[in-house]
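The values are calculated or read from the model by the stated rules, or taken from the named source; none is laboratory data. Being a predicted model, the structure only gives us computed values, none of them experimental. All Cβ positions, glycine included, derive from the backbone under ideal geometry; neighbour counts span all protein chains shown. These area figures cover heavy atoms from the full protein model, side chains too; ligands, DNA and RNA do not enter into them. Shrake-Rupley method; radii C 1.70, N 1.55, O 1.52, S 1.80 Å.
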Amino acid sequence: MTYIITPDGSPMSFGRIHLSGGANLAAVTQSGANASIIVSRITGDNTASIQMTNKTTWTCTQSDFLATAHLAVHPTATLNLPSLISLTLTDLYLSGTLSGVTSVSVRQGSVFTLTRTGRTLGSTANTYAFAAGIWIYKDGTLASTNNRTSNTVVNAPITRYSGSHPLPSFFFTSSPTPVVENFSPVALANCAATTNLIVLPNQPCRMLSGTFSYTSITVRADSYILVTNATIQAATIKVEYGGSITSSGQGYSSETGPGAGAITGGHASGGSHAGLGGTEQLVDPAPAY
């Protein structure tokens with residue numbers, strides 16, 4: 001175990017903590033006071049862990065800070081996070097208090113475990129509130145250590161997407177926020193007409209036909225911009241890990257568009273795009289475009 005040691009509980013700040021090689025990290029104070037650690041981002045190689053031991057407070061400032069590491073929040077420890085967080089290849093085991101979070105996205109290879117001693121700030125033990133919801137994606141797992149006599153209560157809408165793991169048996173959400181088995185695409189709205197566009201997790205938008213000008217564009221994890229026949233102009237564009245700007249599936253349909261092949265006398269040419277389509281019996285393809 002490697003320790004961050006502070007003399008009296010005064011906060012210690014780090015831009016980044018990277019964990020690898022099976023390392024284990026914890027924080028303590030020489031005086032026995034509560035330890036306070038502030039870090040922008042935590043990264044790892046999926047073999048290491050942080051033990052957020054009792055009487056410690058960890059504060060992380062980036063929404064996608066949890067990457068390829070195991071994090072265990074002990075019963076009297078507190079983990080402060082931004083409102084929207086995204087877990088990718090991360091195990092978050094919550095026996096203590098989670099503060100600040102309204103939305104959790106559980107992505108590929110991640111396990112978010114709720115226990116009978118854990119809670120969100122302001123809730124009683126074994127009760128969790130996420131106003132904006134929990135989103136479970138392919139290969140993501142929301143787990144509980146509880147049994148039939150101690151059900152976990154989650155005050156949050158939960159959306160499971162295709163390929164996510166089933167919810168644990170001894171688990172329920174409070175009315176009126178049931179679990180939604182959402183195996184269909186997310187409905188898209190037009191991107192907002194604003195100076196600085198921020199596309200939030202699970203709130204994708206589309207740009208359809210025309211020129212779209214912004215000072216800045218930020219696409220958060222677990223979201224995307226779908227572009228169809230549009231030009232994007234921006235001084236800065238930031239796409240977080242797990243976000244995207246895409247035109248997938250928005251091209252011309254079969255045998256249409258400027259690159260469509262031709263059919264003459266039962267013979268045809270292939271479609272053209274960056275290169276010329278194939279030819280058959282001297283039937284010329286359309287020009288590349």
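Annotations for the structure displayed:
- The convex hull of the Cα atoms of region 27-109, projected and averaged over all directions, covers 5.0 nm².
- Estimated vicinal HN-Hα couplings, Hz - region 113-121 in sequence order (Karplus 6.51, -1.76, 1.60; Gly, Pro = x): 9, 9, 10, 6, 9, x, 5, 9, 4
- Accessible surface of region 19-114 [probe 1.4 Å, protein heavy atoms]: carbon and sulfur percent: 50
- Pairs of Cα atoms farther than 19 Å apart, region 1-149, %: 50
- Protection proxy ranking, highest mean first, for peptides 45-53, 135-143: 135-143, 45-53, where packing is the per-residue count of other beta-carbon atoms within 10 Å, averaged.
- Ranked by the mean number of other Cβ atoms within 10 Å of their residues, highest first, the peptides 108-120, 195-207 fall in the order 108-120, 195-207.
- Sorted on the mean count of surrounding Cβ atoms within 10 Å across their residues, most packed first, peptides 99-106, 17-24 read 99-106, 17-24.
- Distant-in-sequence amide H partners of Leu25 (H built 1.01 Å from N, under 5 Å): Thr2, Ser49, Ile50, Gln51
- Share, in percent, of DSSP beta bridges within region 1-71 that are antiparallel, nearest 5: 0
- Evaluated with a Cβ-only charge set (Lys, Arg +1; Asp, Glu -1), region 14-117 carries a dipole of roughly 140 debye about its Cα centre, given to the nearest 20.
- Amide H contacts under 5 Å for Thr6: Val28, Thr29, Gln30, restricted to partners 5 or more places along the chain or on a different chain, H placed in the peptide plane at 1.01 Å from N.
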